[in-house]
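Some notes on the structure that comes next.
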Amino acid sequence: MNETISILDGSTFMVCDHRGDIDAGIDQPHGLFFRDTRFLSRWRLTLDGEPLQLLSVDDGTYFSSQFFLYPGTGTIYRNPYVSLVRQRSVGDGLHEDIVVLNHSADEIDITLRVDVDADFADLFEVKDAMVKKGERTVDVREDALVLRYQRDDFIRETLIAPSCTAAIDPHGLSFSIRIAAHGEWQTCIDVVPSDERKVRLKHGHGSLYSPVPNMRPSLAEWIEQAPKLECDWDPLLHIYHRSLVDLAALRFYPDPTSDASLPAAGLPWFMALFGRDSLLTSYQSLPFTPELAVTTLRVLAGRQGRVVDGFRDEEPGKILHELRVGELTMFGERPHGPSFGSADATPLFLVLLDETERWTGDVALVKDLEPNARAAIDWIDRHGDRDGDGYVEYQTSNPQTGLDNMCWKDSWNSILFADGSQSKLPRATCEIQGYVYDAKLRTARLARKVWGDAAWADQLEAEAAELKRRFNVDFWLPERGAFALALDGDKRPVDSLTSNMGHLLWSGIVDTDKAAAVVDHLMGERLFSGWGVRTMADGEGGYNPIEYHNGTVWPHDNSFIAAGLRRYGYDVEAARLSFAILEAATYFDWRLPEVFAGYPRTFSGVPVEYPTASSPQAWAAGAPLLLIRTLLRLEPGDDGPLTEPCNPPAIGMLRLDGVRGPW
């Protein structure tokens, strides 16, 4: 079975097959993961030595699943007389209940076994199939099995403890069971990961019918606090609920003693703090879950760059890209403790700071983060602008492990010329200049309103105006009627047609007389697939409908494009694009994936899955929320939220009650 089930709770997540088994392999990111380390790489249940078959699986909550199983009989003419239920929940570890039911009129004797192993792979080792450098040992105790890994002073342990008597050996647990006629047998097993914090499981035995997650507030409280949606198009209610549940699932707690959370990037590879992802997701969800934005800003401000460190691409004032705590990071073999490999997180930090004040009225937050905002502006002007030409460029100082591209399209081949050839570093991508323009205007507003620095506000507004003027000259391609994707290291315009132009509309940097041409490209058949705007236009040299950043459709990308269309008054186009993305969600069980293929709708008929897309993924979960806001033109006002709907006919009435704000 290749399909997977994922359950998660904070820093802990589990990926398994549809029987509930873990069998980690090169092409299977299965396992129980905690704080960037895999604490279980095998968790396989058998009955009398044979694997079990699936009846049904229920993964209705993000923190628990239950699997209904039966032993095969070898023929369709004979029904099984035994069934099993395994129910699990994750907290700071794993709790699994196993129930065996005897449906026959006779007493039975069976052997149930759980094969276990832990390779203690760092998440980067899982992705790259690397060899471990430490030593693994096994401690068989009377009532538990302890798997241990040590490399110098880096120690990780997995404790596996059943609630009833079991034969425990170095490779697993065996239960010899006698079940009366029409009777049942039950056990539960706790799996407790241990690192330097000596974490212990927060729920004990006997929780079969009441698994307890560790996240605060609870899922029910999270849903209750969110605005209530009403609309005529029933699928949107399901999509909205799924987005709220996924954002709840992806909450990441930087301080385990606090209830303050921010969005981790996505499952399975990105259950960690990512600057860009957390900032954009927090922006998307601000009218719905404003607490995510507040935590994101405070946490990123607390880890803002302070020194020049080429290994990590750190510079004073820069906002981090990624924070990891696994083995490779601890030993300095990866630069992620944290890494600063993004050029867009810093201006996006300023955009979110202003937007958060507009929606929450949290002036204290803005006052507290004034030094961080000033440092971020200073980074943009000094370190971000590497050659003094007025644009933010990027190039890693660590070619061994740093990213080639430090924009959101961060794959190595995402910044290509129209003929498909590679551009030269350092690169200044267009959307980052738009973010900088928006960041300076927003920071000027805060300087004038909150910090009482009118002179600096005037300076920032003048700099933004000059940036907009120059940008509309230097990045404009008259022969294509479009903006360049980037200026490369030789200051050559990278002339491929991409979705990045839509982010320019969102930021407001596009001159009004160029907006119509940009919209024509975005909504033309080369970029618009029918399900959304592709990352690269069909017909460009690098186009591939299943290339990560060169032809696929990204829901989060489209949510910002739709917001940009609305900003420039293209309401019909904004409604059409929004509905296309929301329609796509109906083909993915209401959950938008990170990315899907860019095949034309007329060709495929359905949105086609992308094989390695994260799901759930934070800014994909946030996309429907920003689309709802865009359709309503939902903005904060002095006395309450303001709206000016442009709903597609299929959606009809759209209403949002209980939007939180300073009112």
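Each Cα pair under 8 Å and six or more residues apart adds its sequence gap; the mean of these over the residue count of the chain is a relative contact order of 10 percent. Note: relative contact order over region 241-391, using C-alpha pairs below 8 Å and six or more positions apart, is 19 percent.
Of the accessible area of region 54-184, computed with a 1.4 Å probe over protein heavy atoms only, carbon and sulfur atoms account for 47 percent. The distance linking region 402-418 with region 501-560 is 16 Å (Cα centroid to Cα centroid, whole angstrom). If you find the alpha carbon centre of region 13-38 and of region 231-308, how far apart are they in angstrom? If we compute the Cα centre of each part, the gap is 23 Å.
At what distance in nm do the modelled label points of Glu224 and Gln459 sit from each other, each positioned 7 Å from its Cα along Cα→Cβ? Output for this residue pair reads 5.0 nm.
Across region 229-277, the volume of the C-alpha convex hull divided among the residues equals 97 Å³ per residue.
Taking each residue as 0.36 nm, the span from Val308 to Arg151 lengthens on full extension beyond its C-alpha to C-alpha distance by 53.6 nm. Taken as entire DSSP H runs, the helices of the chain never both span 27 Å or more between Cα atoms along their own long axis and average 0.5 or more on the Kyte-Doolittle scale. Rolling a 1.4 angstrom probe over the protein heavy atoms with all chains in place gives the chain an accessible area of 37 Å² per residue.
For Lys133, a cut-off of 25 angstrom between C-alpha atoms picks up these lysines, skipping any fewer than 8 places away in its own chain: Lys198. Over the chain, dividing the summed -39,500 (n - 2.57) contributions of all DSSP H runs of at least 4 residues by the number of residues returns a 222 nm mean residue ellipticity of -9000 deg cm²/dmol. Put a dot 7 Å past the Cα of Glu50, heading toward its Cβ, do the same for Val131, and the two dots end up 4.0 nm apart.
When peptides 619-628, 589-598 are sorted by average Cβ neighbour count within 10 Å, with the highest value leading, the order is 619-628, 589-598.
The values are calculated or read from the model by the stated rules, or taken from the named source; none is laboratory data. What you see is a predicted model; the values in this text were computed from it and never measured. A quick note on method: Cβ atoms are made from the backbone with ideal geometry, for glycine too, and the neighbour counts reach across all protein chains shown. The protein model used for the area step is the full one, side chains on, heavy atoms only, and it has no ligands, DNA or RNA in it. Shrake-Rupley method; radii C 1.70, N 1.55, O 1.52, S 1.80 Å.
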